[in-house]
Amino acid sequence: MKLLIHGCGYIGEVHLKTVLNNHLCEVALCEMNGQRRKEVAEKYGIDETYTSLDEALKHSFDGVVICTPNFAHKDDLEKCVKAGLNVMLEKPMSSTLESAREMRELCRKYDKFAFVAYCLRFAQPYQRIKKMVTEGKLGKVFGIHASVAGKKAITDAKTDYRTKRALGGGVISDFSHEIDYALWFGGKPVKNVKCFGARAIHKEWDVLDTAELLISCEDDLCIAIHMDFLQPYFGRSIEIYGTEGAIRWRDNESIKFYDCKKDKWIEMDSAIDWDDVYREEMEHYLHCLQTGEKPMIDAENGFETFEVIDKCVQDAEKGVF
């Protein structure tokens, strides 16, 4: 099999390394920035490179990994599905609700999938938590609290797209992993969304640098999520509350499960190996390409998450300070 990686920023390079280090398939690069294209191609010994997606799609590929900024996703997806290709699409799905809706319709029209790359679903702690919830270890889940924070998201980026509205930036869009996995854990349709946000430090930005999300779902499930681009360290945490138990997990710690029947906390070793995460994610995409199976997160799921992103942004900016 042969993939085209379109966009050679931070995450594009991650996917390239994943494919090469694990000998998963052949790969070519597409990057409009000549200096960046040359730098990455020379670093990894890639001979086949293209300056534009239009140029690249004149050649044969089994799939395309779209790693361009959010605002470009719709046009990139349209070119790929019209060329008969199923894609892997970096999150979030797009930069506007209208374009995300159009992308969902394009996948339906051309009968192609867009695997939206919410990679935390492939991380061992999140898979383990999902399994415990699904198996009913917590009883009825009624509350999910999540947090993600840190300047690293800004400093790691090769460009400043995360800080600009026109490029699809903002803390809610960029940290939408938390929305995706919270909805995945809860498994209930969203009923209502409230959000409070601010430009607490970066007053010159036209997007939020911090936000507090409140999401109510069917069957009386409440989700609360904190996000910020401000803290000096980067970290994630999750707490899930049920009638029969609770789960707590924080980066670099074990999962802690409170078993109501035993009236005690039980610790389970759990850590994220990012090489494994990206390998399993890419293997999932390649498997779907080979078999025609539906990916774990397709355009339908991606659109549902983006609806929540959009509602949060719209609600927060009513009272932004």
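The values are calculated or read from the model by the stated rules, or taken from the named source; none is laboratory data. Just so it is clear, the structure is predicted and the values come from calculations on it, not from any experiment. Cβ sites come from the backbone with ideal geometry, for glycine too, and all protein chains shown count toward neighbours.
A few remarks follow.
- Scanning segment 214-251 for residues that are among the acidic types (Asp, Glu) and over 29 Å from LYS264 (Cβ atoms) yields GLU218, ASP228.
- Contact map, segment 238-253: first residue outside any strand (DSSP E or B), second residue at pLDDT 95 or above and of a type in the set (A, V, I, L, M, F, W, C), Cβ cut-off under 6 Å, separation 6 or more or different chains; pairs are GLU244/LEU138.
- Residues of segment 272-321 classified as assigned to a loop (DSSP other than H, G, I, E, B) and either under 23 Å from LEU3 (Cα atoms) or free of Cβ contacts under 8 Å to residues at least 60 places away in the same chain (or both), total: 8
- Segment 77-109, residues that are among the hydroxyl-bearing types (Ser, Thr, Tyr) and surrounded by 17 or more Cβ atoms within 10 Å (Cβ to Cβ): SER94, SER95, SER99
- Within segment 47-75, if we keep just the residues that are buried (at least 21 other Cβ atoms within 10 Å of the Cβ) and in contact with a Ser or Thr (Cβ under 7 Å, 6 or more places away or on another chain), the residue that is nearest to HIS287 (Cα to Cα) turns out to be HIS73.
- Matching residues, segment 207-258, being among the charged types (D, E, K, R), more than 30 Å from SER95 (Cβ to Cβ), modelled with pLDDT under 95 and under 21 Å from the mean Cα position of the chain (by Cα): ARG250
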